[in-house]
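This report concerns only the one structure given below.
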Amino acid sequence: MMFDRSRWIVPSRSDPRWLLATFLGTYVVLGDLLLSFNRSPGQIVAAVVSCCALDMLYTWVIARKLLLPLSGVISGLGLAILFSAPGSPWLILLASWIAISEKYLVTWRGHHLFNPTNLAMVVIVFVSGGQAAVAPAYQWGGYGWVSLTVLALGLVVMWRVNKLPMVLSFWAVFVAGAFLRSYMVHVPVIITLWAQVTSGAFMLYSFFMITDPKTSPASTGNMIIFGAAIGLADLVLQLNTAVYSLFYALAIITATRGLWFVARDMSAARHRKVQQVAAPVRS
């Protein structure tokens with residue numbers, strides 16, 4: 001069975017997730033070796049292995065297929081970069097379970113509704129009582145070249161996978177919101193804007209979290225609306241002093257988008273049912 005190619009689900013060579021996985025994997029290795037990641041190699045391996053194993057397990061239970069777990073790799077690497085729980089290393093395993101389980105259990109018409117890594121981080125950070133957090137800024141070592149490298153490579157990747165309008169729309173609203181917050185709360189723009197956009201977390205959030213192909217729009221117009229909506233949600237949350245507002249903003253917008261799809265499809269189904277009932281009467 002292992003050598004029967006018909007039993008395997010293997011992403012095509014043109015799948016953009018290969019590029020994302022390569023980028024994230026390189027960044028994890030460099031972060032652990034050269035920067036100041038506060039995750040041990042064991043925690044990083046645990047996140048990736050557990051995400052991949054769960055991805056394969058769910059696929060086998062549901063479809064009786066063997067999966068090359070590219071999405072599991074990306075989710076695990078994303079958690080390894082952005083999720084921090086140094087005092088409770090087991091929490092990264094719980095985050096991995098939430099991330100992959102959501103893909104298969106919180107779905108509508110075969111599509112998951114939330115970005116897996118984002119939802120896992122939001123849930124764990126919210127319920128852990130301070131034991132877990134988004135990775136701190138110091139883990140990127142304070143080197144300007146790190147942010148510039150991530151920025152340059154991220155823009156290239158977004159252009160290749162046709163998600164650049166979404167990122168630029170989000171950035172435009174985020175920057176405008178940072179100036180507005182600076183004016184409203186009398187805080188220098190260097191704090192409301194520069195301190196955030198120069199962090200690796202912001203770059204990775206912009207390039208590899210809001211642009212998840214399964215939970216973000218494909219058309220240019222909808223991408224622009226989606227990116228702007230995330231920026232606006234973040235502004236509202238920051239004005240209400242929410243911690244980790246970016247991650248909560250994405251969860252809120254993807255939930256809203258998912259609920260809209262559910263309501264639209266249910267309304268269409270009711271309309272079809274009414275038409276089917278009325279058809280014999282008219283005839």
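The values are calculated or read from the model by the stated rules, or taken from the named source; none is laboratory data. It should be emphasised that the depicted structure is a prediction, and the values quoted were computed from it without experimental measurement. Note that we place each Cβ from the backbone using ideal geometry, even for glycine, and neighbour counts take in every protein chain shown.
Scan the range 224-240 and give yes if some residue there is outside any helix (DSSP H, G or I), out of contact with any Gly (no Cβ under 9 Å at 6 or more places or on another chain) and surrounded by fewer than 21 Cβ atoms within 10 Å (Cβ to Cβ), otherwise no.
Taking every residue of the range 224-240 in turn, at least one turns out to be outside any helix (DSSP H, G or I), out of contact with any Gly (no Cβ under 9 Å at 6 or more places or on another chain) and surrounded by fewer than 21 Cβ atoms within 10 Å (Cβ to Cβ).
Among the residues of the range 54-87, what is the count of those that are charged (D, E, K, R) and touching a Leu at 6+ places or on another chain (Cβ under 7 Å)?
Selection size over the range 54-87: 1.
For the range 176-196, which positions are surrounded by fewer than 16 Cβ atoms within 10 Å (Cβ to Cβ) and either closer than 29 Å to THR22 by Cα or in contact (Cβ under 8 Å) with a residue 60 or more places away in the chain (or both)?
TRP194, ALA195
So, in the range 18-43, exactly how many residues are in contact (Cβ under 8 Å) with a residue 60 or more places away in the chain, assigned to a helix (DSSP H, G or I) and buried (at least 16 other Cβ atoms within 10 Å of the Cβ)?
Counting residues in the range 18-43 that are in contact (Cβ under 8 Å) with a residue 60 or more places away in the chain, assigned to a helix (DSSP H, G or I) and buried (at least 16 other Cβ atoms within 10 Å of the Cβ) gives 5.
Kindly indicate the residue of the range 99-123 that is buried (at least 23 other Cβ atoms within 10 Å of the Cβ) and among the aliphatic types (A, V, I, L, M) and also farthest from LEU57 (Cα to Cα) among those meeting that condition.
Among residues in the range 99-123 that are buried (at least 23 other Cβ atoms within 10 Å of the Cβ) and among the aliphatic types (A, V, I, L, M), the one farthest from LEU57 (Cα to Cα) is MET121.
Filter the range 92-106 for residues that are part of a helix (DSSP H, G or I), in contact with a His (Cβ under 9 Å, 6 or more places away or on another chain) and not hydroxyl-bearing (Ser, Thr, Tyr) and give the result.
Correct list: GLU102, LYS103, LEU105.
When only residues in the range 225-247 that are aromatic (Phe, Trp, Tyr) and modelled with pLDDT under 95 count, which is farthest from LEU119 (Cα to Cα)?
Residue satisfying both the conditions and the ranking: TYR244.
Those residues that are more than 20 Å from LEU164 (Cα to Cα) and in contact with an Asp or Glu (Cβ under 8 Å, 6 or more places away or on another chain), I need them from the range 222-247; list them, please.
The one that is more than 20 Å from LEU164 (Cα to Cα) and in contact with an Asp or Glu (Cβ under 8 Å, 6 or more places away or on another chain): SER245.
Check the range 27-37 and report whether any residue there is within 21 Å of LEU70 (Cβ to Cβ), in contact with a helix residue (DSSP H, G or I) (Cβ under 7 Å, 6 or more places away or on another chain) and modelled with pLDDT of 85 or more.
Checking the range 27-37: not a single residue is within 21 Å of LEU70 (Cβ to Cβ), in contact with a helix residue (DSSP H, G or I) (Cβ under 7 Å, 6 or more places away or on another chain) and modelled with pLDDT of 85 or more.
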